Amino acid sequence: MKKDLISLKDLSRQEIEEIFALTDKIKKDKTRFNRCLSGKTLALVFEKPSCRTRVSFEAGMYELGGYSLYLGPQEINLGVREQIRDVARSLSRYVSGIVLRTFDHKNVLEMANYATVPVINGLSDFSHPCQVLSDLYTIREKFKRLKGINLAYVGDGNNNVCHSLLFVCPKVGINLAVASPLSYQPQKIVLAEAEKWSKKNKTHFNLTINPIEAVKNADIIYTDVWTSMGKEKEAQIRRKAFKGYQVNQQLVSLAKKNCGIMHCLPAHRGEEITDEVMESKNSIIFEQAENRLHLQKAILILWLK
């Protein structure tokens, strides 16, 4: 039976630990898995432009001995030039797996429903599982644990990164605080899942409109752009709504002394985060970016081999 990676809601803690354990081995010996996916081909179906997602998957597939094929919007134009179900069934006859980076989460669900090879969500408006798995791996590297870590997310709560953090943090024992304006808070279905796992694992979960409250006692402060790709027309409205949510030195000073700073990138420096904070000794932003490569190699091995 084929295995897809659509959302972190679907992964068990045991599966997450298995991914992390393999990532450890990959980072320790980068040549050990060089021919692991020899003869395998990965289709990268991207509706959105990308730096880290595209390069980390392409480089990762190459380093594992496989081949990747990039299909941008000009090649396919999902749902316009060709129906998703037809693309899914055609690609399944050519490749070993599909990474889909798309605007609408329902496109990932449809691709997975019709494809007979594994489908990996490379980003949708609702979920960004590879990014947040890499983020948790980075936290685990820094603190040597996940259980009991206090993570504060400051910014747009109704986006793919925050949703993915909500799905997974309570599941692995991380205490999570989300600070977001009322009109930009996470979807109720995601909050319900976070609350369920928080009760089950006895972690703390707090949803607030106050960034100062969220970062108090934080080990990690995480932020993301205020205006995601595809929502550029809302930029001015969002800047007003998120005034006071900037991760700057003043806010960071209210967290723990050695608090780590995280951002999934790309960053709008001077907007959601300052240059000073991004370039500070607390920043582990580019460790996050690097770990996309190593962790996604683990995913490719586990899902495609």
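Since every read-out is calculated from the coordinates, none of them should be taken as a lab result. What you see is a predicted model, and the numbers here were worked out from it, not measured in a lab. With ideal geometry, Cβ positions are generated from the backbone for all residues, glycine too; neighbour counts draw on all protein chains shown.
The table below gives the values:
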| item | result |
| --- | --- |
| Ranked by how many other beta carbons lie within 10 Å on average, peptides 170-177, 193-200 from highest | 170-177, 193-200 |
| Rg and Dmax [Cα atoms of the stretch 7-69; Å; Rg one decimal, Dmax integer] | 13.4, 34 |
| Where the Cα pairs of the stretch 1-120 fall when distances are cut into 5 Å bins, in % | 2, 11, 19, 22, 22, 15, 7, 3, 0 |
| Highest to lowest packing among 295-302, 121-128, scored as the average C-beta count within 10 Å | 121-128, 295-302 |
| Over 15 Å [Cα-Cα, the stretch 205-269], rounded percent | 56 |
| With Cα atoms, 0 to 90° folded angle of helix 285-304 axis to the chain main axis | 40 |
| Kirkwood Rh, angstrom, the chain [1 / mean 1/r, Cα pairs] | 19.6 |
| Kirkwood Rh in Å, taken over all unlike Cα pairs in the stretch 262-305 | 11.9 |
| Residue-by-residue Karplus 3J(HN,Hα) for the stretch 240-257, coefficients 6.51, -1.76, 1.60, Hz, glycine and proline x | 5, 5, 9, 4, x, 9, 5, 8, 10, 5, 4, 5, 4, 5, 8, 8, 5, 4 |
| Theoretical gain in end-to-end length, Lys142 to Gln249 [0.36 nm per residue, Cα-Cα removed] | 36.5 nm |
| Anisotropy class of the stretch 157-305 from Cα gyration tensor, a/c 1.5 cut | rounded |
| Placed amide H near Ile120: partners under 5 Å, 5+ positions off or other chain | Leu5, Ile98, Val99, Leu100 |
| Within a Gaussian network of the chain (alpha carbon springs, distance under 10 Å), most fluctuating of Leu293, Leu146, Leu166 | Leu146 |
| Value at 222 nm in deg cm²/dmol, rounded to 500, when DSSP H runs of n ≥ 4 in the chain each add -39,500 (n - 2.57) | -12500 deg cm²/dmol |
| Built amide H within the under 5 Å cut-off of Tyr70, gap 5+ | Leu44 |
| Value of relative contact order over the chain, rounded to a whole percent, pairs C-alpha under 8 Å and six or more apart | 19 |
| Cut-off under 5 Å, modelled amide H: who pairs with Val178 long-range | Tyr153, Asn206, Leu207, Thr208 |
